[in-house]
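See below for the structure under consideration.
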Amino acid sequence: MISLEAIINSLEEAVILFDKTMRIIYLNKTAEELLRKSSKDIMMKKLSEILDNEKAISPLIKETIHEGRSFKGKSVSLNIGQFINIDFHLSPFFFNGKIEGAVLSISQNINISEREEYDFDSLVYLIGSIAHEIKNPLGGIKGAAQLLRNKLKNAPIDEYVDLIVKETDRLNLILHDYLTLCKKPAFNQVNIHEVMEKALSIMDAPIKGSGITLRRFYDPSLPQIKGDESKLLQVFLNIIKNALESMKKGGRLEISTAPSKESVREGGRIKRWVLISIRDTGRGIPDKDLQKIFIPFYTKKKHGTGLGLALSRKIIKDHGGLITLKSQVGKGTSFFIYIPFGHNG
């Protein structure tokens with residue numbers, strides 16, 4: 001028969017039980033992993049004794065025990081040696097009708113996690129944007145054709161032909177990117193460093209031409225992952241190209257790989273990622289644009305399609321991973337790509 005303890009230990013949430021003196025008398029395996037301490041180092045200690053300067057939850061434990069109140073917290077910063085983002089629920093623990101302590105459950109919001117609460121709205125937006133983007137170049141093609149017809153007898157036609165070709169190419173690029181966005185990856189064993197080196201080889205001329213310093217920090221111990229090499233190559237190219245465009249002349253491009261420090265429990269198992277970081281010292285992205293850059297067709301570039309980062313995000317998501325970034329205007333941008341070890345597709 002399955003024990004209650006085995007069930008609690010299989011939970012993805014960290015569960016900690018406190019007695020009436022606010023000391024820990026039980027915690028599950030997820031809590032040990034979250035706090036990065038074994039149960040023998042934690043038992044009969046207060047949360048404030050385990051985590052220095054912990055002021056978000058500890059005062060609430062006291063109120064829960066003394067007043068019988070429950071508390072919830074969302075997107076709370078917790079220092080476990082490094083800051084993590086959590087949701088928590090705190091409630092009184094009753095035994096024989098009396099409060100004997102408090103139960104704390106914690107769900108870690110890995111800083112790379114992205115909530116998909118607006119998938120449907122995004123899909124509607126995507127379809128509408130596609131229709132809009134196809135309409136614009138088609139209008140240009142039609143207008144150029146009309147001008148060509150009217151001017152054919154009396155004027156040079158090169159500029160109109162060039163416009164037709166240009167708008168047709170832009171339309172083809174949009175459709176190609178959209179079709180790529182919808183196509184699922186074909187998984188094989190992939191050496192992430194070889195894919196990155198291929199991307200850097202392709203971008204070698206613009207990197208050198210812009211006088212940009214390239215630095216690599218690869219972890220040679222990383223195992224191969226299951227991925228689609230051509231799609232991952234496209235992701236790396238998109239982000240490197242954006243980095244170069246943000247730096248113009250000079251600057252520094254840093255690329256590093258390492259096992260991620262973050263982990264989550266999924267299906268009772270620990271899930272870890274390989275982390276690929278791509279950092280530039282370019283102009284950075286304003287805060288008001290940070291939440292929009294992954295939206296399809298959102299672009300500040302004069303000739304951009306706005307699908308590069310949306311496509312990159314979709315590819316990494318199809319690999320079971322996530323992509324996020326940090327940016328500061330005038331200082332540069334860092335993209336963080338997380339791909340799980342041993343993804344099966």
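Non-local amide H neighbours of LEU214 (under 5 Å, H modeled in plane, Pro and chain starts lacking H): which ones?
Under 5 Å from the amide H of LEU214 lie the amide H atoms of LEU253, each far enough along the sequence or on another chain.
When DSSP assigns beta bridges and you keep just the ones with both residues in the stretch 186-340, what percent turn out antiparallel, to the nearest 5?
Values: 28 of 33 bridges.
Counting DSSP beta bridges with both partners in the stretch 186-340, the antiparallel share is about 85 percent.
Output ³J(HN,Hα) for the stretch 232-244: one whole-Hz value per residue in order, computed from phi by the Karplus curve 6.51 cos²θ - 1.76 cosθ + 1.60 with θ = phi - 60°, and x for Gly and Pro.
5, 4, 5, 4, 4, 5, 4, 6, 5, 4, 4, 5, 5
Please go through the residue pairs LYS241/LYS288; LYS249/LYS288; LYS29/LYS261; LYS249/LYS326; LYS198/LYS261; LYS166/LYS331 and name each one whose alpha carbons sit more than 28 Å apart in this structure.
Details: LYS241/LYS288 22 Å; LYS249/LYS288 25 Å; LYS29/LYS261 18 Å; LYS249/LYS326 22 Å; LYS198/LYS261 26 Å; LYS166/LYS331 35 Å.
Violating the 28 Å limit, Cα to Cα: LYS166/LYS331.
Quick one: 3J(HN,Hα) in Hz for the stretch 48-64, Karplus 6.51/-1.76/1.60 with θ = phi - 60°, rounded, Gly and Pro as x.
Listing the rounded values in order: 5, 7, 8, 10, 4, 6, 7, 10, 7, 9, 3, x, 6, 4, 4, 5, 4 Hz.
Considering amide H positions built from the backbone, and no H for Pro or chain starts, which residues 5 or more places from ASP228, or on another chain, come under 5 Å of its amide H?
ASN188
Rounded if a/c is under 1.5, else prolate if a/b beats b/c, else oblate: with a ≥ b ≥ c from the C-alpha gyration tensor eigenvalues square-rooted, which is the stretch 186-340? It would help to have the intermediate numbers written out before the result.
Values: a/c = 1.65, a/b = 1.36, b/c = 1.21.
Since a/c reaches 1.5 and a/b is larger than b/c, the shape of the stretch 186-340 is classed as prolate.
For LEU104, what charge total do you get from the other residues with a beta carbon under 13 Å from its beta carbon, if Lys and Arg give +1 and Asp and Glu give -1? Numbers along the way, then the final one.
Numbers: positive: ARG23, LYS46, LYS62, LYS72; negative: GLU13, ASP19, GLU54, GLU63, ASP87.
That sum, taken over residues with Cβ under 13 Å, equals -1.
When ranked by the protection proxy of mean other Cβ atoms within 10 Å per residue, highest first, what sequence do the peptides 47-59, 66-78 form?
On the way: 47-59: 14.6, 66-78: 12.8.
Taking the mean over residues of other Cβ atoms within 10 Å, the ranking is 47-59, 66-78.
Relative contact order for the stretch 4-109: what is it in percent, counting Cα pairs under 8 Å that are at least 6 residues apart? Don't skip to the answer; put the middle values down first.
Working: 198 pairs, mean separation 29.0, N = 106.
About 27 percent, as a whole number.
Using each residue's phi in the stretch 22-37, evaluate 6.51 cos²θ - 1.76 cosθ + 1.60 at θ = phi - 60° and report the 3J(HN,Hα) Karplus result to the nearest Hz, with x for Gly and Pro.
Along the stretch 22-37, the couplings run 6, 9, 6, 10, 6, 8, 8, 4, 4, 5, 4, 5, 5, 7, 6, 9 Hz.
Quick note: the coordinates plus some simple rules give every number you see, no bench work behind them. Since the model is a prediction, treat every value here as computed from it, not as a measurement. Virtual Cβ from ideal backbone geometry, glycine too; neighbours counted across all protein chains shown.
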